[in-house]
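The values are calculated or read from the model by the stated rules, or taken from the named source; none is laboratory data. This one's a predicted model, so the numbers in the text were calculated from it and none came from an experiment. Glycine also receives a Cβ, built like all others from the backbone with ideal geometry; neighbour counts cover every protein chain displayed. For accessibility, only protein heavy atoms count, side chains too; no ligands or nucleic acids. Shrake-Rupley method; radii C 1.70, N 1.55, O 1.52, S 1.80 Å.
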Amino acid sequence: MTSTTVPGPATTTNGSQLPLVALPQGELLTVNEENIPLIKDSLGPGVHFKPLRLDLENGEWVVLATFAPGARIPLHYHTGAVDAWTISGCWYYVEYPEQKQTAGSYLYEPGASVHTLACPETNTEDTVALFRVTGANINFNEDGTFHSILDAALIRHLTGTLSAEQNLGPVNFIGGGAAGFLNGNA
C-alpha cells in the first residue's frame, strides 16, 4: 500500500516557505451531521448515534449520541479519556445522581473512570450529546460480569451492519489512518 498523502514543505498563501514539513491537504475533512442518518437502537433500546469520526488505528471515536427518555448504557470502564458536550436534554451517571448534565454542559472524564449513563425517564425530549472518546468502554452486566467492549472498531462495524439493516444507505464519516506498508520513496 502506498501513501497518496506525502508530507512536504509548507508554504503561506503567497508561496513563502514555512520552516516546517506538513501534510498536504487538498480539502477539509468535514462532515455535516444533518447528512448522516441516525443509527437507531445501536447499544440498546433508545440509544442512537451518528458517527462523525472513527479512527481505528488511534482508537479514537467521535459520535453524536441521542438518548430517548429512560435510555441507559451499562456500567463501563474507560481505557482513555472522554470529552462530552451535552447539546440538549438531560443525562447523568447513576453513581453521581446530583450532577446532571444538561444543555451546554461540558464533561471531562479521565481514563480509568467507571460509571453508568442514564437519562431520566421524566425527560420530555431526547437527549443529544457529542462524545469524543479515546480508547474503549469496557462494559459490564449488573452482576459485574463482562458484557462487551465498545471502541472505534465496534462502532464502525455497527455503522455498517445497522445502517444496512435499517436501510439507511451509505453513511459518510471521517476515518483515520491507513495502516499498511510504505516504500521508502513515498
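Some points to look at:
- In this structure Y108 has an accessible area near 120 Å², from a 1.4 Å probe over the protein heavy atoms.
- Selected from L28, T124, T5, residue furthest toward positive end of dipole (the chain; charges at beta carbon): T5
- In degrees, nearest ten, helix 152-165 long axis to first principal axis of the chain (Cα): 70 degrees
- The accessible area of L150, taken with all protein chains in place and a 1.4 Å probe, comes to roughly 10 Å².
- Kirkwood-based Rg to Rh ratio, segment 58-103, C-alpha trace: 0.95
- Every helix of 4 or more DSSP H residues in the chain counts as -39500 (n - 2.57), and over all residues that averages to -2500 deg cm²/dmol at 222 nm.
- Each of F67, F173 has its accessible area taken with a 1.4 Å probe; listed largest first, they run F173, F67.
- Charge dipole magnitude, Cβ of K and R +1, D and E -1 - segment 92-186, Cα centre, debye nearest 20: 500 debye
- Share of Cα-Cα pairs in the chain lying beyond 21 Å, as whole percent: 57 percent
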